1. Those residues that are more than 18 Å from Y8 (Cβ to Cβ), within 22 Å of the chain's Cα centre (by Cα) and touching a residue at least 40 places away in the same chain (Cβ under 8 Å), I need them from the range 78-98; list them, please.
2. Among the residues of the range 126-133, is there at least one that is closer than 21 Å to F15 by Cα, free of Cβ contacts under 8 Å to residues at least 12 places away in the same chain, under 16 Å from the mean Cα position of the chain (by Cα) and in a helix (DSSP H, G or I)?
3. Which of (1) free of Cβ contacts under 8 Å to residues at least 24 places away in the same chain; (2) open to solvent by 80 Å² or more (accessible area, probe 1.4 Å); (3) not in a strand (DSSP E or B) does R112 not meet, given it meets every other one?
4. Given the condition acidic (D, E), farther than 30 Å from I157 by Cα and surrounded by fewer than 13 Cβ atoms within 10 Å (Cβ to Cβ), answer yes or no: does some residue in the range 16-23 qualify?
5. Can you tell me which condition S65 does not meet? The list is (1) loosely packed, with under 15 Cβ neighbours inside 10 Å; (2) touching a helix residue (DSSP H, G or I) at 6+ places or on another chain (Cβ under 9 Å); (3) in a helix (DSSP H, G or I); (4) modelled with pLDDT under 90, and all the others hold.
6. Check M96, M134, M177 and return the single one that is modelled with pLDDT of 90 or more and open to solvent by less than 60 Å² (accessible area, probe 1.4 Å).
7. When you look at F141, is it of a type in the set (F, W, Y), farther than 21 Å from K17 by Cβ and either open to solvent by 60 Å² or more (accessible area, probe 1.4 Å) or out of contact with any helix residue (DSSP H, G or I) (no Cβ under 9 Å at 6 or more places or on another chain) (or both), yes or no?
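The values are calculated or read from the model by the stated rules, or taken from the named source; none is laboratory data. Just so we're clear, the structure is a prediction, and the values are computed from it rather than from any experiment. Because the Cβ atoms are built from the backbone with ideal geometry, glycine has one as well, and the counts that use them run over all protein chains shown. We work out accessible area using only protein heavy atoms, side chains counted, and drop any ligands, DNA or RNA first. Shrake-Rupley method; radii C 1.70, N 1.55, O 1.52, S 1.80 Å.
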Amino acid sequence: MTNPMLNYAFRAFGFLKVEYDGRNYNKFLYYIPLVISLFVTLFIYLINLSTEGIVNIFLEDAFSSLSTFTQVLPGFYIGSLAAIASYGYTGLDSEMSSPKAKIQESTTNGSRPSLLTRRRYLTIMFGYLASISMVLTILVFFVTLLYSIGVFPVAKIIFLATYYLVVFIFFSIFIQMLLITFFGIYYLSDRMHR
């Protein structure tokens with residue numbers, strides 16, 4: 001039996017389940033972030049080849065700035081979520097124009113697709129962004145902590161493999177979050193008023 005509170009907590013990631021009529025946004029949500037993250041990881045690898053020793057980005061000032069940026073984002077996203085949920089503009093309560101977005105909702109007889117209003121779509125989007133930014137902030141904290149105190153002394157090859165994997169995961173999540181944020185800003189500033 002599953003825990004209902006846990007199910008509700010994971011609904012914050014429901015944006016990944018939104019379907020669009022006639023369009024596939026997987027490249028936007030997954031492929032582009034993965035490819036860019038691969039190039040960033042490769043770039044960091046090439047930097048490490050050209051220097052003596054390992055340049056650990058998690059211990060550098062540039063990453064500290066990026067870390068601070070990710071720590072500020074949850075508040076921004078939660079503020080956006082609250083503003084969208086409480087804004088009195090009636091146009092937000094109409095269904096989205098093309099491409100229409102829908103999500104599978106549980107019913108007593110299984111599940112059914114439910115067309116999303118603009119307000120619901122934006123709240124799902126900013127709820128996802130708030131959740132993923134909190135996850136990223138916690139990930140950054142633990143990764144920085146583990147790399148700064150050197151908790152796990154391991155062979156160099158294991159260290160490097162783990163390091164590049166963590167870099168890849170971090171930038172995949174971060175770039176996906178940025179792309180969805182840019183899409184949300186576009187939607188709020190332009191698409192919502194059509």
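1. Passing the criteria: S80, I84.
2. Residues of the range 126-133 that are closer than 21 Å to F15 by Cα, as a first pass: 126-133.
Keeping just the survivors that are free of Cβ contacts under 8 Å to residues at least 12 places away in the same chain gives none.
No, there is no match, as no residue in the range 126-133 is closer than 21 Å to F15 by Cα, free of Cβ contacts under 8 Å to residues at least 12 places away in the same chain, under 16 Å from the mean Cα position of the chain (by Cα) and in a helix (DSSP H, G or I).
3. (3)
4. For the range 16-23, residues acidic (D, E), farther than 30 Å from I157 by Cα and surrounded by fewer than 13 Cβ atoms within 10 Å (Cβ to Cβ): present.
5. Failing condition for S65: (2).
6. M177
7. On the way: of a type in the set (F, W, Y): yes; farther than 21 Å from K17 by Cβ: yes; either open to solvent by 60 Å² or more (accessible area, probe 1.4 Å) or out of contact with any helix residue (DSSP H, G or I) (no Cβ under 9 Å at 6 or more places or on another chain) (or both): yes.
The answer is yes for F141.
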